[in-house]
1. With A:Ser231, A:Ser253, A:Ser246 as the choices, which residue is assigned to a helix (DSSP H, G or I) and either crowded, with 18+ Cβ neighbours inside 10 Å or at positive phi (or both)?
2. Condition first: surrounded by 15 or more Cβ atoms within 10 Å (Cβ to Cβ) and either polar (S, T, N, Q) or away from chain B (no Cβ under 12 Å) (or both). Now tell me which residues in segment A:1-26 satisfy that.
3. Can you pull out every residue in segment B:61-81 that is in a helix (DSSP H, G or I) and hydroxyl-bearing (Ser, Thr, Tyr)?
4. Looking at segment A:174-182, can you tell me whether even one residue there is assigned to a helix (DSSP H, G or I), closer than 26 Å to A:Thr108 by Cα and more than 14 Å from chain B (Cβ to nearest Cβ)?
5. Tally time: how many residues in segment B:402-435 are closer than 19 Å to B:Phe467 by Cα and of a type in the set (A, V, I, L, M, F, W, C)?
6. Taking B:Ser258 as the residue in question, decide whether it is surrounded by 21 or more Cβ atoms within 10 Å (Cβ to Cβ), without any contact (Cβ under 8 Å) to a residue 60 or more places away in the chain, farther than 18 Å from B:Leu383 by Cα and under 18 Å from the mean Cα position of the chain (by Cα).
7. Return the residue satisfying two criteria in turn: it lies in segment B:1-21 and is in a helix (DSSP H, G or I) and away from chain A (no Cβ under 13 Å), and of such residues it is farthest from B:Pro125 (Cα to Cα).
8. Exposed (fewer than 12 other Cβ atoms within 10 Å of the Cβ) and not in a helix (DSSP H, G or I): is that true of B:Gly89 in this structure?
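The values are calculated or read from the model by the stated rules, or taken from the named source; none is laboratory data. These numbers come from a predicted model, not from an experiment. Using ideal geometry, Cβ is built from the backbone for each residue, glycine included, and neighbour counts are taken over all protein chains shown.
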Amino acid sequence: MKFFLNKIVFFLIPIFVFLGSYEILLRSANMPNIYSFKDKLLDEEYEAIVLGNSHALRGVLAEDLSYSAINLANVSQSINIDLLWLKATLKTQKLKFVILNFSVPTYTTNLVKSSEHWRSKNYNLYTRLHLNYNPKYNFEFLNNLQLKNIKRAGNYVLGNNKSKDNYLEKGSYPLDVYSNDFEEHALKASQRHLPKVEYIEQNENVLMEILTLSKTYNFDVVIVTPPAHASYRRLIPHEIKSNMFSLLKNIESKNNNVYWLNYFDNVSFDSKCFKDSDHLNFKGAKLFTNKINNFLINSNTFTN
Amino acid sequence: MLFNSIDFAVFLPLVFFLYWFVFQKHLKAQNALIVIASYTFYGWWDWRFLSLILFSSIVDYTVGLQLQKTDIPKKRKFLLWVSIVINIGFLGFFKYFDFFVDNFVNAFSFFGYQIPSTSLNIILPVGISFYTFQTLSYTIDVYKKELKPTKDFVVFSAFVSFFPQLVAGPIERATNLLPQFYKQRQFNYKNAVLGLRQILWGLFKKIVIADNCSVIANEIFNNSTSFGGTSLVLGAVMFAFQIYGDFSGYSDIAIGTSRLFGFNLMKNFAFPYFSRDVAEFWRRWHISLSTWFRDYLYIPLGGSKGGVLMKVRNTFIIFIISGFWHGANWTFIVWGFLNALYFLPLLLRNKNRVHTGDIAENSLLPTFKELRGMMLTFSLTILAWIFFRAENISHAIQYISDLFTGLIDYTNYLETYNLLRDFGPALIVVFIIFILVEWSGRHTEFAINRLTNNRFLNIFFYYLILFLIFIYSGKPQEFIYFQF
């Protein structure tokens with residue numbers, strides 16, 4: 001048995017050395033990225049943070065707010081990760097308020113259980129957050145096709161790195177593009193956002209935990225529901241929408257430090273404001289951020 | 001838990017360590033560990049269905065003991081039927097209920113009667129067809145007094161749920177596997193090395209061959225109407241290699257894993273695509289199922305001993321039931337029917353046991369006659385695989401009729417060339433090497449059973465296979481036979 005194990009160990013050593021080097025190479029090739037960038041932003045002090053999924057990443061420009069703020073939203077980021085960001089922020093900072101994006105996928109999805117689950121590794125590897133211990137989400141080389149990984153590592157070694165993403169200095173990432181086909185995108189997006197009851201319950205509980213934190217740490221919560229194109233709105237089941245709205249309305253009425261800005265059905269955002277059926281483009285983001293900012297300025301709560 | 005997953009890569013060494021280092025001197029503890037590990041392995045997929053395995057184990061364990069207590073034929077027959085009805089009842093409910101209801105409703109609507117469909121959209125428990133047949137074989141063997149029933153429930157549970165072969169076989173006979181649980185297992189270096197080698201080859205077949213062939217096969221089968229004849233031929237060939245790599249790969253991993261724990265499972269594949277006729281193919285493909293049907297269905301029905309009509313009847317019964325075992329779809333029944341048609345002429349002319357040895361037994365290359373037989377058998381098999389893979393009968397018929405369209409059209413060949421280009425030249429080379437390695441190892445239990453005498457060359461070969469597995473691994477894909 002000892003002989004067998006010795007042989008196995010000697011056989012495996014080169015494999016582990018190779019995998020270790022390969023992992024380091026892949027991580028290096030993946031730097032800098034929007035996750036590490038946002039994590040670094042937390043080292044400075046701010047009055048507010050923006051949390052949420054791609055609707056907030058693309059649609060809320062922290063740079064345009066009258067308060068010092070950063071955008072910690074990311075693609076497919078579910079509310080449980082928003083909570084982790086918030087907890088990490090509260091360890092070092094005293095926030096005045098949190099802008100929390102709450103759109104349909106915030107209500108219905110969970111990143112780890114979605115088709116975008118692979119993004120979980122970005123939090124584990126490039127931020128101070130820790131989502132889980134699943135090896136798949138803690139190693140770069142366990143994600144993606146290896147032929148692609150090898151190409152990426154090769155490009156890094158040869159110095160042919162991909163150009164940096166064009167995210168703004170406070171973490172927002174608007175895109176200056178217009179859509180030609182809302183209907184097809186709306187169909188796919190709405191299917192992706194289709195709810196599972198267990199996630200709705202979980203997500204409601206996480207929202208309540210955020211509200212509890214707001215009381216403990218004495219900050220206000222501005223919940224924003226961003227505009228969506230008519231093609232997308234049509235495909236969201238009425239029951240989901242009305243349940244979500246009544247939840248947020250109820251929360252707003254029961255908590256004096258919570259405000260809900262609902263722009264989901266707002267008609268002042270025309271097709272030219274959208275990148276696709278459920279994301280604002282740069283023009284739409286400017287307009288939406290302006291509306292949020294006006295609210296913050298005009299509200300007595302935030303003027304001090 | 002999938003064999004080709006990180007979970008299993010952690011699970012296997014952990015169980016191995018506990019088995020040989022913690023419980024080495026305690027046979028009962030080792031058996032209990034196997035049961036716990038097996039239930040964990042299965043529960044990883046869906047713990048709710050563990051109750052089915054447990055219930056099935058309790059039923060057959062009890063029936064076995066009761067059979068030993070009585071010699072009254074009527075009572076023994078009754079006990080046997082209790083086991084058959086419960087086991088086949090579970091299988092029938094979970095696997096075939098919706099199929100029968102749908103067909104019943106369709107049949108009535110054909111005659112103008114509309115009755116509401118009550119399909120239950122039942123989840124098919126993974127591996128139910130495999131462990132049901134395994135437990136049934138135990139009860140039948142005890143009934144036939146070919147086996148003494150076990151009094152140790154842990155041993156019996158270990159036999160039913162033994163994790164390497166629980167979800168996709170080989171379907172073990174109690175006469176082979178059960179006694180191995182009674183014997184003190186000794187670690188055997190050579191056997192363990194052989195086991196690891198077989199696991200490696202199984203992973204290669206699954207990840208490099210099957211999963212990559214599946215990309216093209218799925219693309220072509222899912223959009224078959226938009227492809228020309230040559231591409232459809234390519235799709236069918238790719239599926240043939242997908243299902244072989246997938247299923248025989250699983251069997252290799254299962255047998256190799258068992259070796260690591262000191263168990264010997266039966267051989268399940270013996271290079272079936274090198275068969276020279278269909279009868280030989282069926283002696284080499286999914287051997288554990290073919291022999292199960294032979295021993296528990298074909299022979300009790302009279303086998304090939306009766307007259308022509310009896311031979312014909314028995315052949316159709318065994319092949320059609322074998323097809324239906326694979327899934328609740330008419331496509332599997334037609335697949336079985338086609339194979340019966342292929343097999344029958346050989347049986348009736350007494351030529352079904354012409355090729356009992358290996359192809360090119362004493363030479364490097366096959367003779368022209370052998371090659372011709374091999375090509376014909378492979379072509380017939382591929383034709384039947386189309387039914388196996390198709391969504392429904394009309395899809396299969398459409399696919400086959402389209403096979404012969406546009407064969408003289410240049411653009412067709414260009415389309416097929418583009419598909420192969422997407423497959424990648426490097427992968428085509430790997431594919432050819434795979435066939436050559438399989439050919440060179442055709443006289444052994446699995447292709448890389450015997451390597452060279454040069455240790456360094458062998459180690460280089462292992463690293464090369466691991467590297468190819470690593471390079472061509474993508475998202476872990478389920479094994480096809482899990483759905484059966």
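1. A:Ser231
2. Those that are surrounded by 15 or more Cβ atoms within 10 Å (Cβ to Cβ) and either polar (S, T, N, Q) or away from chain B (no Cβ under 12 Å) (or both): A:Glu23, A:Leu25, A:Leu26.
3. Listed by number, the residues that qualify are B:Tyr61, B:Thr62.
4. Scanning segment A:174-182, I find at least one residue that is assigned to a helix (DSSP H, G or I), closer than 26 Å to A:Thr108 by Cα and more than 14 Å from chain B (Cβ to nearest Cβ), so the answer is yes.
5. Of the residues in segment B:402-435, 11 are closer than 19 Å to B:Phe467 by Cα and of a type in the set (A, V, I, L, M, F, W, C).
6. Taking the combined requirement at face value, the residue does not satisfy it.
7. So, considering only residues that are in a helix (DSSP H, G or I) and away from chain A (no Cβ under 13 Å), the one farthest from B:Pro125 (Cα to Cα) is B:Leu18.
8. no
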